[in-house]
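Contents: one structure, followed by commentary.
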Amino acid sequence: MSYDGAMFLSLTSVFIIPRKTSSEAPLDPGYLEEPDGKLPNGLTMKKQLQLSSKNALKQGESTVVSKEKPDKRWVSSFCTQYHTLTSRNFKQQRRVILSWLNLIQTLSMAIVPGVIWWQIPKVEEQIQAISGLIYFILLYWAFTPIFHSLTTFPLERPIINKERLSGCYCLSAYYLAKMTSELPLTIIQPIVSMTIAFWMGGLNGVGAYFVDLGMIMLSSVTAQSIGLFASALFLSFDQSIIFASIFMLTTLLLGGFYIQRLPLWLIWARYLAFVLYPFHVMLSVEFSNDHTILCKAENSAYQHCNMARNTTNASIYIPRDEILAYFDVTLPIWANIVILLLFMVTFRLACYLLLRFYRKP
């Protein structure tokens with residue numbers, strides 16, 4: 001054999017001879033088949049390797065389980081969940097509520113009533129017109145939020161359920177974020193509308209303006225609460241809109257403007273109309289002692305005017321108590337506000353309980 005051939009065989013033997021492997025890196029299948037290899041503990045190398053593999057698998061499974069099921073129930077704190085959800089929901093709803101179409105609608109439904117009820121004279125013949133303007137603004141900003149909120153949970157429910165099941169956040173954080181993030185967006189439109197219509201209609205001064213503004217905002221938030229409750233209860237836009245239509249039209253009739261005297265067996269129903277309470281508050285501040293209403297020259301609907309007309313020819317003004325009695329305003333202002341707040345809290349709590357127990361994923 002030549003020198004070159006010997007060199008080739010020696011190099012070949014170096015590179016193709018399989019190496020034995022250790023138990024930590026069993027690359028050679030033949031290594032597992034050595035039955036006589038004994039370890040100090042009395043086990044064969046094959047058996048020891050199998051046990052080591054099983055232990056490694058068990059340790060790996062326990063590591064995966066511990067990563068999938070952490071000690072904490074949620075992946076982030078309540079404050080982080082609330083902050084993130086508030087920011088996300090505000091950005092989503094801002095594009096809808098503050099859209100150009102809604103802005104045009106808000107301005108139109110403020111200017112048009114202001115033109116129709118322009119600077120209403122403070123005379124007995126215009127009492128119905130004054131109360132009509134107040135009732136129209138109140139009802140409009142009760143109808144609008146309730147119908148806007150009917151689509152909330154039917155549209156958001158698939159995403160909410162998916163994120164809740166994955167442990168992204170808890171229901172209380174989501175619900176609180178939704179209530180607070182939409183609050184400024186819900187009240188900004190009534191503020192603009194009420195400001196324009198109030199001063200165009202010539203209602204009762206600065207003090208009455210701020211009270212009316214507070215009542216409009218509170219009734220809008222209450223109406224939104226009712227809409228959210230209906231949305232969570234039915235999870236169907238068609239069913240929700242039927243419920244809201246029946247509820248709001250019944251509320252409109254029982255709200256104290258169209259009828260003041262109900263049959264005895266139906267008197268209880270008027271107290272279920274939530275617009276009754278802000279309407280009575282707004283009437284109380286509109287027909288105050290510092291904003292007098294002139295009596296009719298003759299055949300007045302108010303007893304004081306007719307009695308005083310027989311004794312003097314001077315201008316006679318209708319007492320505030322008689323006007324409020326005509327509209328059956330009996331509760332003080334603070335009591336009406338408390339009842340309206342109870343309406344709002346009750347429907348928001350009922351909505352949360354529906355999502356928590358009845359509509360849970």
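The values are calculated or read from the model by the stated rules, or taken from the named source; none is laboratory data. Only a predicted model underlies this, so the values are computations on that prediction, with no experimental measurement involved. Ligands, DNA and RNA are stripped out before the accessible areas are found, and what is left, the full protein with its side chains, is counted by its heavy atoms. Shrake-Rupley method; radii C 1.70, N 1.55, O 1.52, S 1.80 Å.
To the nearest 10, the accessible area of THR152 is 20 Å² with a 1.4 Å probe. In square angstrom, what is the accessible area per residue of the stretch 103-245 with a 1.4 angstrom probe? Heavy-atom accessible area per residue stands at 38 Å². Separation of the stretch 276-302 and the stretch 142-204, taken as the distance between their Cα centroids, equals 34 angstrom. Rg ratio for the stretch 165-248: its Cα radius of gyration over 2.2 N^0.38 Å, N being its residue count, equals 1.43.
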